[in-house]
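The block underneath contains the structure these notes are about, expressed in structure tokens.
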Amino acid sequence: AMTGRSYLGTLATAVATTGVPGLKAIISEAAISSWYDYYRENGLVRAAGGFQGEDADTLADETFSRTKRPADFARIKPVYDKYVHQLAKAMDRGTGNYNAFWDRRNYRKDIKGIKAAVMMVHGLNDTNVKPSNVKALYDALQDLPVESKLILHQGQHIYINAFQSLDFSEMANLWLANKLWDVANQADQVLPKVLVQDNAQPETWNAYDHWTAGQALTLHLDEHSLIDSDVHVAKEVIFNDHHDDDTYQVWCKDPAKWQAALFADPGYFSHRFTSQPVKQDLLLRGTPRVSLSVASSSDHGLLSAELIDLGHDRRLTTSPVIINRGGIRLGYHWASDDLREFRLQKKATDYKVIARGHINLQNRHDPATVDPLNPHELVNVAFDLQPLFHRLTAGHRLGLIIYATDYAFTLQGNEDINYQVSLENAILTVPGVNYLN
């Protein structure tokens, strides 16, 4: 078996796609299924959360283990430097296009080769390895004759082995005993196909048969509203992506301040659409998609979107809170771990971002293809946001913010570009919605 989080989970996924004999099971936690989806998005250079400026070449530097032996590294450094130089050129940070470099690092092409059982663990709020990586792997596995399990938690890029509400280590032991030692413990029947941590009720996990299920929800964009009835408004909204230098510098250094300004923006550099308060809890499942027409005042441009849960409420903490430091006895060499759990925040907040998406307007048809963009010409654009599994509680509203530069994730150009968004036939779709009592 193979397991691990992030880079190690990615390694497990990559090895599984080779169909190598002897590999019976993997547990991939917060794992990458396509490196393009880690460092790029729809023709854009896109940073992993908190790592603006990092790319495949810097990751190579960080993970090259022979640097730990200075004499050895000095001996092979000329060869290594040549390789990294070629790598930096091949990854093409200048355009963000999908190319042969990224295609060779796309494990999804070989998912059909997986013969091992796969358990996937991912955070719905992971901005490092985005949920699109696990969603693509999960979807493809449903068509294969292999057993798969999916666990979605409310955390970011974390392990979940020390939660109070879920004994993940025991679940993994049950599953691996079945896969590696053929113990008849009915692990596949005992463990749910999809297990999801609830975002509204602490210490609550719910079992499902699928990630995406329910009826599709289509919301039309109407001036400032999200409307569930068909509208054809011949209106447009305009915003500009440029800011004064002082503001620009502050936001580059602290994207959290940009995010707060984006939410409060009255329409200068973004535009917000808001639904009516929902009358009962809605469970939003799957990959949301935005479709609209947009024009740039330049021959290039980008478009971004945030899907927001709007409502003054106490939400789960961003990270698990330590309940009992050293409270979990691991048994080996007297080792211990801290017992943790997500708690409700002490203070209510007005909103939570639940999905994001970005696209290069020149790559509106394909991440590998650059199409001309004529200034002021409306072009049709459709792009996915990150997959979600989110409970929108009664009284809350759904919000959609359309903007250009994302200071947390996209390149920070600060160009004086006007964006014109046509609202005719502009829609937001959520593929799966369940109405809860």
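The values are calculated or read from the model by the stated rules, or taken from the named source; none is laboratory data. Bear in mind the structure is a predicted one, so any value in this text is a computation, not a measurement. Cβ coordinates were reconstructed from backbone atoms using ideal geometry, including for glycine residues, and neighbour counts include every protein chain displayed. Surface areas here come from the heavy atoms of the whole protein model, side chains and all, with no ligands, DNA or RNA. Shrake-Rupley method; radii C 1.70, N 1.55, O 1.52, S 1.80 Å.
General observations
- For LYS235, the criteria (1) charged (D, E, K, R); (2) open to solvent by 60 Å² or more (accessible area, probe 1.4 Å); (3) within 28 Å of THR393 (Cβ to Cβ) hold in every case but one, which is (3).
- Considering each residue of the range 292-302 in turn, none proves to be touching a strand residue (DSSP E or B) at 6+ places or on another chain (Cβ under 8 Å), under 18 Å from LEU398 (Cα atoms) and open to solvent by 20 Å² or more (accessible area, probe 1.4 Å).
- Residue tally, condition of a type outside the set (A, V, I, L, M), within 15 Å of ARG343 (Cβ to Cβ) and part of a loop (DSSP other than H, G, I, E, B), over the range 185-207: 6
- When ARG325, ARG314 are checked against the criterion of being charged (D, E, K, R), open to solvent by 20 Å² or more (accessible area, probe 1.4 Å) and either in contact (Cβ under 8 Å) with a residue 60 or more places away in the chain or more than 21 Å from GLN259 (Cβ to Cβ) (or both), a single residue qualifies: ARG325.
- When residues in the range 380-416 are screened for being in contact with a strand residue (DSSP E or B) (Cβ under 8 Å, 6 or more places away or on another chain), open to solvent by 10 Å² or more (accessible area, probe 1.4 Å) and aliphatic (A, V, I, L, M), 2 of them pass.
- Top-ranked residue of the range 262-276 - restricted to ones that are within 22 Å of the chain's Cα centre (by Cα) and over 19 Å from THR218 (Cα atoms), ranked as most open to solvent (accessible area, probe 1.4 Å): PHE263
- Extreme residue, most open to solvent (accessible area, probe 1.4 Å), among residues of the range 20-56 that are assigned to a loop (DSSP other than H, G, I, E, B) and of a type in the set (S, T, N, Q): GLN52
- The requirement of being modelled with pLDDT of 95 or more and touching an Asp or Glu at 6+ places or on another chain (Cβ under 8 Å) is not satisfied by PHE73.
- Screening ASP371, ASP350, ASP366, ASP309 for residues that are open to solvent by 20 Å² or more (accessible area, probe 1.4 Å), acidic (Asp, Glu) and in contact with a strand residue (DSSP E or B) (Cβ under 6 Å, 6 or more places away or on another chain) leaves exactly one candidate, ASP350.
- Selection of the range 150-184 for residues being assigned to a loop (DSSP other than H, G, I, E, B) and open to solvent by less than 30 Å² (accessible area, probe 1.4 Å) yields GLN154, GLY155, ILE160, ALA162, LEU166.
- Candidate set from the range 57-100 (those that are under 13 Å from TYR36 (Cα atoms) and free of Cβ contacts under 8 Å to residues at least 40 places away in the same chain); member that is surrounded by the most Cβ atoms within 10 Å (Cβ to Cβ): ASP92
- Any hit, the range 413-421, residues being within 18 Å of THR95 (Cβ to Cβ) and modelled with pLDDT under 95: yes
- Those residues of the range 108-149 which are surrounded by fewer than 20 Cβ atoms within 10 Å (Cβ to Cβ), of a type in the set (D, E, K, R) and either within 20 Å of the chain's Cα centre (by Cα) or in a helix (DSSP H, G or I) (or both), in sequence order: ARG108, LYS109, ASP110, LYS112, ASP139
- Tallying residues that are touching a strand residue (DSSP E or B) at 6+ places or on another chain (Cβ under 6 Å), open to solvent by less than 50 Å² (accessible area, probe 1.4 Å) and within 30 Å of ASP406 (Cα to Cα) within the range 329-347 yields 1.
- Pairs with Cβ under 9 Å, 6+ apart, first in the range 360-389 and at positive phi, second outside any loop (DSSP other than H, G, I, E, B): HIS376/ALA295; HIS376/SER296; HIS376/ASN418; HIS376/GLN420
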